[in-house]
1. By how many degrees, 0 to 90 and rounded to 10, does the Cα axis of helix 54-69 deviate from the longest principal axis of the chain?
2. DSSP beta bridges in the chain, what fraction antiparallel, as a percent rounded to 5?
3. Could you give the semi-axes, largest first, of the ellipsoid that matches segment 33-79, computed as the square roots of 5 times the alpha carbon gyration tensor eigenvalues and rounded to whole Å?
4. By a straight-distance test (C-alpha under 28 Å), which lysines pair with Lys69 as possible cross-link partners, with residues fewer than eight away in the same chain excluded?
5. Within 10 Å, at most 16 other Cβ atoms, and a DSSP state outside H, G, I, E, B define an exposed site. Report the longest part of the chain free of exposed GluC sites (Glu not before Pro).
6. For segment 2-78, what are the per-bin percents of Cα-Cα distances with bins 5 Å wide, up to the bin holding the maximum?
7. Working out 0.36 nm times the residue gap between Ser3 and His19, then minus their Cα-Cα distance, what length gain in nm do you get to one decimal?
8. Could you tell me the relative contact order of the chain? Use alpha-carbon pairs under 8 Å, at least six residues apart, and round to a whole percent.
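Readers should treat all values here as calculations from the given coordinates under stated rules, not as data from a laboratory. Source: prediction; values computed, not measured. FYI the Cβ positions are ideal-geometry reconstructions off the backbone, even for glycines, and counts take in every protein chain you see.
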Amino acid sequence: MASSMKDLVEYVAKSIVDHPDQVHVSEIEGENSVILELRVGPDDMGRVIGKGGRTANALRRLVRVLAAKEDKRANLEIV
């Protein structure tokens with residue numbers, strides 16, 4: 001399930017940035033938790049975060065909902 005979360009975050013991020021080749025998502029999986037790290041180019045950071053952090057929060061909510069279906073906790077970090 002974690003890989004589908006990773007794929008979804010990568011797909012959404014690539015859809016909203018100007019330089020999709022600079023989007024990288026890595027995952028750190030624990031026993032009951034998953035941490036996804038999203039890296040984008042410096043020019044695209046504002047697009048991923050969004051106005052007032054709305055885009056970033058929406059991505060985080062989406063990841064948490066997917067993780068909850070697997071009885072896990074998930075966190076998305078934008079690096």
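1. The helix 54-69 is inclined about 20 degrees to the chain.
2. Antiparallel bridges: around 50 percent, rounded to the nearest 5.
3. Largest first, segment 33-79 gives 22, 12, 6 Å.
4. Partners within reach: Lys6, Lys14.
5. Between exposed loop sites, the widest span is 32-69.
6. Histogramming segment 2-78 at 5 Å steps yields 3, 17, 30, 24, 15, 7, 3, 0 percent.
7. The Ser3-His19 span can extend by a further 3.5 nm.
8. Value for the chain: 32 percent.
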